[in-house]
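Here is the structure we will look at, set down as structure tokens.
The values are calculated or read from the model by the stated rules, or taken from the named source; none is laboratory data. Quick caveat, the model's predicted, so the values are computed rather than measured. Here Cβ is always computed from backbone atoms with ideal geometry, including for glycine, and neighbour counts include all displayed protein chains.
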């Protein structure tokens, strides 16, 4: 929730740092990886976003949306 609030107020670096700290506690949480992909996408860092979404998809292989975002993170921009 903290990362979402930071991202909402254009604090992408702080949001990303918050999510990285969360990964230290729960490295297998696919949602955190997906949120990192979202933050990277908003910053137009598509290569990083693809890696984050890819890791999220590895952790949750049945999620079709994550598979799409891992292949093409630009799809998240609508």
Q: Check off (1) modelled with pLDDT of 95 or more; (2) in a helix (DSSP H, G or I) for residue 27 and give me the number that stays unchecked.
A: (2)
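If I ask for residues that are under 18 Å from residue 15 (Cβ atoms) and free of Cβ contacts under 8 Å to residues at least 24 places away in the same chain, which ones from the stretch 33-54 would you list?
Of the residues in the stretch 33-54, the ones under 18 Å from residue 15 (Cβ atoms) are 33-46, 48-49, 51-53.
Hits for the stretch 33-54 are 36, 44, 45, 48, 51, 52, 53.
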Q: Could you check residue 62 against (1) at pLDDT 90 or above; (2) at negative phi; (3) under 13 Å from the mean Cα position of the chain (by Cα) and say which number it fails?
A: (3)
